[in-house]
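Q: Here you go, one structure.
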Amino acid sequence: MKYSTASIIKRAGIGLAAATAMMAWSLAAHAEDTYKIGWASDKSNYLSFVDEPLAKGMEVAIDEINAKGGIGGKMKIELDRRDMKSDPMLGATVVQELIAAGAKFIVTTCDTDVSLPGAQMAAKASLPVMSSCGADAAGPSQVPDGFGFLNVPGSLTQGAFLAEYAAAKGYKKAFTLKSKSEGYTHTLANAFEERFKELGGEIVGQAFYTLGDSSYRVTATKMVDSDADVIMSNAFPSDSTAFLKDMERLGNTKPLLLVDGNDTPVIFDAGKQLALSVMATYGGDRSPGSTFSKFEEEYRAKFGADPDSLQTALGYDLVIAVAAAVEAAGSTDGPAVRDALHNLDNVHGATGLITYKDSPIGKGIPKKDYALVKFDLDNKKFITLSTGFPEKFPPVK
Amino acid sequence: MQLALQQFINALSLGSIYALVALGVAILFSILRLANFAHGELMTTAGFTLYMTLASGWNWVLAVIAAIAASVVAALILERVAYRRLRNAQPLTLLMTSFAVSVALQSIFLLTFGARPKGIELPAFVDASFRIGGMRVQWLDIAIILITAAIVFGLTLFLRKTVIGLALRSAADDFQTTRLMGVKANALFVGAFVLSGMLAGIAALFYFATVPNVVPSSGFEPMLKGFIACVIGGLGSLPAAIVGGFLLAFLEVGSDALLSDNFSPYLDAIVFLIAIVILRWRPGGIFGVRLTAEQRV
Amino acid sequence: MNMLAGKWWKQSLVGSALLLAIVLVIVAIVALAGSTTDMRILMVFLINVIAAISLQTYAGNSGNISFGHVGFMAFGAYGSALFTADPAIKAIGIPNAPAFIREAAIGFLPAMLIGTAVAVVVAAAIGRVFVRLSGAAAAVATLGFMVIIYTLLSNAEELTRGSKAFSGIPEYTTLGWCVALLALTIVVARLLRDSNTGLGLRACADDPIAGQAAGVDILNSRYVMWVASAAGAAIAGALYAHYIGAILPKAFHFELTFVLVTMVIVGGRSITGAVAGAALITILAEVLRRLENGFSIGSINLSEAPGLTTAVLALLIVATLTIRPQGLVSRWEVEELLHRWQFRQKEHASVRAEENHV
């Protein structure tokens, strides 16, 4: 059998056309029964230490939902996670790539400022977008048309929550530690200061650090020497462990208030000062039978180990909220899912009830209870003292 | 007064660490004209070695030896793989190569150990302290200051009294002539890198004794401080590096302790500004040549 | 050869045109055959090329590196962004900023000029300090300048929202703007390089004593390059801001600094080198990133190995520098490379001819 050159090209052409058609068909079929969440995540830079555990929690939720046949029993969830190296420009590029790859919901990395260009890109394509655990309450309002969401109640409410706790404990004079390197590391402390002063407290000192600092000796010396009766630190590991170590070495005996970024086993490297510390975080109800304990079981079954940080539970909640919104919307259409998410009310997540509806904090920011925990140094466990939400908090600026 | 004394000890202890890092940087620079940005990663290597050995239950003495050895071995590998071929390259190319090596090593640490901070389980005596009056003094600080002094003394003896030391010193003055005297160039390179690696290892011990975690990027900050110390002291001179280290520490602690809270967020900028002002006044560093090579004519 | 005889600036213009033509070919290929993502990568590449050429104008001529030029990019970015962003957004974001900034809504070109002017004024004011330094001292001092700018921006909450993102910047940066400003940057950079100032400065970088003996004022020449390169960096910064739409101080920090410096050092010491270096780094980084996103060897999925691509990229840079310490194109510009190639061809031909004759 002989082929002329022309016929080979023709046949190849027909073959190619057929292959393209089949690919298009399979893609279409694929698209119909899966809901793709695209995540422009940090895998290799400084935010990867929070995005890694979040990814595991998201996988647990996706497995749980897909085992039941998917969203509404018929639509499987698929996660497409790509590295954006905490670079805002690359973040926007990756979001564009994910949209082209068929993502219907966009997740960005754990910093509302770094991920803003990507979020705006998603909004331009009329897709809802949520920061994995970024906490700036001003974040969603910067994303056009209400497409922007947070996964946590934001730094303002947390700061106020800690201030109300401090006031209730009868503390009068506070010394704060914060950093201008990020929004998170000073807006939370500022909210604390504002609410603390409102409640009759006094800020006797402020110290600043730069993200990645290793020596807190000067700050610790000042704090120990001051007449403050409580220390509030906005730092997270490894800055916070270094800070607490220096406080220990200078013989600090003042109580310390820590923030949710420390809800990771790494904090136990800080040692003895944790006995003086309490921390604000989420997921108050960790009792047997709670959603949190159910999540823990599933996590253990999947990864063969305990969840190593609360970020896993936040990842789980993100998927649960998105799935609930898609089911409520009855559609994968971006604006429909956005509207449904804005109306989400009392959905059971691992870190408590998630409510986006009529949020008192700001549009797109969920109301969730905070938990106050202390540290069990021997077993390296967090023990919940109380849960709640601040009565009042500073407005979004 | 007591507060001032406490801050003085803080500065002395911090300065010792900076001085050790600066010494390690200065040795490579004075002999090979190599500004080694990867010096920080030698420290991180020692840090991860400490983490692994202590976590698997090694005696701390063995862990300390292993950490210093690891950083020396890493230095030798760097010399062989990355720098030996670049002996005659422009200083700028060397600088950028060392930077790329530093990034590569950080990524390899990330691949191997992940991004989460790893806790180093230090023996309890590291945190021990005693009181003088109302002041708390750490044994660790005393140890850091004394050991640094001993190392500086030992290094001076080594460089002055031994043949290898003599060869290294003369290479710093005139590399080509030293070779003509029959000293093997490779031996000089290896010698300089071993010394630099050792100093990085020891500095890492002190650094990770004060900071309880190690992350892939741990070495960056101390490396940068070591460089600033070298430059304000005067690059290419070992005593200048030591003085630069202490000067930087006193600058940092001093501005942090004395300035009001309003200035506290600008601390990094203030320290760099003072460093730049020093360089404006003496472009070769405080103990460096009065003018740069181009202007000496 | 005849073509280039006569005035020195003719060769600069011919060289600029050649270099721009090569870039335009790349642009045309991507525009015709690339995806939307490819187009974004191309735009970022063009912005980086402008920044790299500007940096090269200082570094390549003086033989001095600067880690501070992203500071000038930040001036261009924030300067331009502040005067163009929607006043309604500024009223919420920076309510305490001076009214002339808060209420401003001017066009792209005047805003870019404001940003550039600010960078030039700052560069001129502080330049004398930096041009006196060389080697590692220059590296540390310029790094210090970058950190100072970063710290000031992070604290300027009233004016720029500090460390938080400043958004609402109109997306003016188009392919046309990028290409036009790239053309301008290339021409100015080539003219500066080939001028007496540039030539003298390059001579001094090779041999300071001979250069100064021949009457080159090394400090003044460096100062001219420093100020000019700051202007170019500011233009790149403005393009960056108006492309990404939201900026924060962290975008103008160590990471971008090292990307640009690597591009310049890997490329070589000419303007062509800056373009070649930027192209090589962009292509390597992008290929590796795509491999990571959709590629697996057997059971090993590359996306499960974070940091691998960065490590490979860094090692490739080390390899490039070890194999070619002088950079991809060394000190040559594109037309010089062409001539060297032609000359070698002729030489080969004549050798062959002689062999045949014998």
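Throughout, read-outs are computed from the coordinates displayed, never taken from laboratory work. Keep in mind that this is a model prediction, so the values were computed, not measured. Positions of Cβ are generated from backbone atoms using ideal geometry, with glycine treated the same way; all protein chains shown enter the neighbour counts.
Q: Can you list residues from other chains, or at least 5 along the same chain, whose modelled amide H is less than 5 Å from the amide H of A:GLN206?
A: A:THR176
Q: Just grab the label-to-label distance for A:SER126 and B:MET1, each label 7 Å out from Cα along the Cβ direction, in nm (one decimal).
A: That separation, rounded to one decimal, is 7.7 nm.
Q: Something else now. Order C:318-324, A:157-163 from most to least packed using the mean count of other Cβ atoms within 10 Å.
A: Working: C:318-324: 17.7, A:157-163: 27.4.
The peptides rank, most packed first, as A:157-163, C:318-324.
Q: Consider all pairwise Cα distances in the range A:204-243 and report the whole-number % of them above 13 Å. Before the final figure, lay out each step's value.
A: Working: 382 of 780 pairs.
Within the range A:204-243, distances greater than 13 Å cover 49 percent of Cα pairs.
Q: Tally Lys/Arg at +1 and Asp/Glu at -1 over every other residue whose Cβ is under 12 Å from the Cβ of C:ARG128; what's the total?
A: So the surrounding residues net to +3.
Q: Would you kindly derive the ³J(HN,Hα) couplings of the range C:104-119 from the backbone phi angles with the Karplus curve 6.51 cos²θ - 1.76 cosθ + 1.60 (θ = phi - 60°), listing them in order in whole Hz, with x for Gly and Pro?
A: Each residue's phi maps through the Karplus curve to give 6, 8, 9, x, 5, 4, x, 5, 4, 5, 4, x, 5, 4, 4, 4 Hz.
Q: Over all residues in B:231-237, what is the mean tally of Cβ atoms on other chains that come within 10 Å of each residue's Cβ?
A: On the way: counts 10, 3, 0, 1, 4, 2, 0.
Taking all residues of B:231-237 together, the mean is 3.
Q: Viscosity 1.306 mPa s, temperature 10 °C: Stokes-Einstein D of the protein assembly as shown from its Kirkwood Cα radius, in µm² per second?
A: 52
Q: For A:TYR316, A:TYR216, C:TYR243, which order do you get if you count the other beta carbons within 10 Å of each Cβ and list the fewest first?
A: Values: A:TYR316 30, A:TYR216 27, C:TYR243 22.
Ordered by Cβ neighbours within 10 Å, fewest first: C:TYR243, A:TYR216, A:TYR316.
Q: Around B:GLU221, what is the net charge, scoring Lys/Arg as +1 and Asp/Glu as -1 over all other residues with Cβ under 13 Å from its Cβ?
A: Working: positive: B:LYS225; negative: A:ASP213, A:ASP239, B:GLU41, B:GLU252, B:ASP268.
Net local charge, B:GLU221 excluded: -4.
Q: Using a cut-off of 22 Å between alpha-carbon atoms, which lysines can reach A:LYS272, once sequence neighbours fewer than 8 places away in the same chain are excluded?
A: Leaving aside lysines fewer than 8 places away in the same chain, those within reach of A:LYS272 are A:LYS169, A:LYS178, A:LYS222, A:LYS245, A:LYS254, A:LYS374, A:LYS380, A:LYS381, B:LYS118.
Q: Multiply the residue separation of C:ASP86 and C:ASN220 by 0.36 nm, subtract the distance between their alpha-carbon atoms, and state the gained length in nm to one decimal.
A: 44.1 nm
Q: Continuing with this model, one more query. Under the rule of -39500 (n - 2.57) per DSSP H run of 4 or more residues, summed and divided by the residues of chain A, what mean residue ellipticity at 222 nm is obtained, to the nearest 500 deg cm²/dmol?
A: On the way: 11 runs with 162 residues, N = 397.
Mean residue ellipticity, 222 nm, calculated: -13500 deg cm²/dmol.
Q: Given R₀ = 25 Å, FRET efficiency for C:ASP207-B:ASP174 by Cβ-Cβ distance, to 0.05?
A: 0.85
Q: Turning to a different aspect of this structure: When the gyration tensor of the range C:211-358 is built from Cα positions, what are the square roots of 5 times its three eigenvalues, in whole Å, from largest to smallest?
A: 36, 29, 14
Q: How big is the shadow of the Cα convex hull of the range C:67-120, averaged over all directions, in nm²? If you can, show how the numbers build up before the last one.
A: Values: hull surface 15.1 nm².
Directional mean of the projected Cα hull area for the range C:67-120 stands at 3.8 nm².
Q: Shielding by partners for A:85-93, please: the mean number of other protein chain Cβ atoms within 10 Å of each residue's Cβ.
A: 6
Q: Straight-line reach only, C-alpha to C-alpha below 13 angstrom: list the aspartates and glutamates that A:LYS124 could link to, leaving out same-chain residues fewer than 8 apart.
A: A:LYS124 reaches A:ASP145, C:GLU171.
Q: Just to be sure I understand the curve: with the Debye formula and one point per C-alpha of chain B, what is log10 I(q)/I(0) at q = 0.07, 0.08, 0.10 Å⁻¹?
A: The computed values of log10 I(q)/I(0) come out as -0.27, -0.35, -0.56.
Q: Continuing with the same structure: From the P(r) of the range C:148-304, can you give the percent of Cα pairs sitting at distances over 28 Å?
A: Tail of P(r) above 28 Å: 41 percent of Cα pairs.
Q: OK, next. Which distance in Å, rounded to a whole number, links the C-alpha centroids of the range A:370-390 and the range C:189-254?
A: A separation of 56 Å, based on Cα centres.
Q: Something else: To the nearest 0.05, how large is the calculated FRET efficiency for A:SER226 and A:LYS374 if R₀ is 22 Å and r is the Cβ-Cβ distance?
A: Efficiency computed from Cβ-Cβ geometry: 0.40.
Q: Give me the mean projected area, in nm² to one decimal, of the convex hull enclosing the Cα positions of chain A.
A: 23.1
Q: log₁₀ I(q)/I(0) of the range A:331-391 at q = 0.12, 0.14, 0.24 Å⁻¹, via Debye over equal Cα point scatterers, no solvent, to two decimals?
A: Computed log10 I(q)/I(0) values: -0.43, -0.54, -0.99.
Q: While we're here: In peptide C:257-268, how many Cβ atoms from other protein chains are near each Cβ within 10 Å, on average?
A: Across C:257-268, the average partner-chain Cβ count within 10 Å equals 2.
Q: To test your reading of the geometry: what angle, between 0 and 90 degrees and rounded to tens, separates the Cα axis of helix C:254-267 from the longest principal axis of chain C?
A: Roughly 10 degrees, rounded to the nearest 10.
Q: If all Cα-Cα distances of the range A:146-235 are sorted into 5 Å bins from 0 onward, what percent lands in each bin, rounded to whole numbers?
A: Final binned percentages: 3, 15, 24, 22, 18, 11, 5, 2, 1, 0.
Q: Continuing with this model, one more query. Mind listing the Cα extents of the range C:9-357 along all three principal axes, in Å, largest one first?
A: For the range C:9-357, the Cα spread along each principal axis is 84, 63, 35 Å.
Q: Right, something else. What is the Cα centroid distance between the range B:235-270 and the range A:295-332, reported in whole angstrom?
A: 47
Q: Computed FRET efficiency, Cβ-Cβ of A:ALA168 and C:ALA105, R0 56 Å: what is it to the nearest 0.05?
A: It comes to 0.70.
Q: So which residue, out of B:SER30, B:SER217, B:SER255, gets the largest mean-square fluctuation from a GNM of chain B using Cα contacts under 10 Å as springs?
A: For chain B, modelled as a Gaussian network with Cα springs under 10 Å, the answer is B:SER255.
Q: Next up: Leaving out same-chain residues fewer than 8 places away, which lysines sit with a Cα under 16 Å from that of A:LYS363?
A: Straight-line reach from A:LYS363, under 16 Å: A:LYS397.
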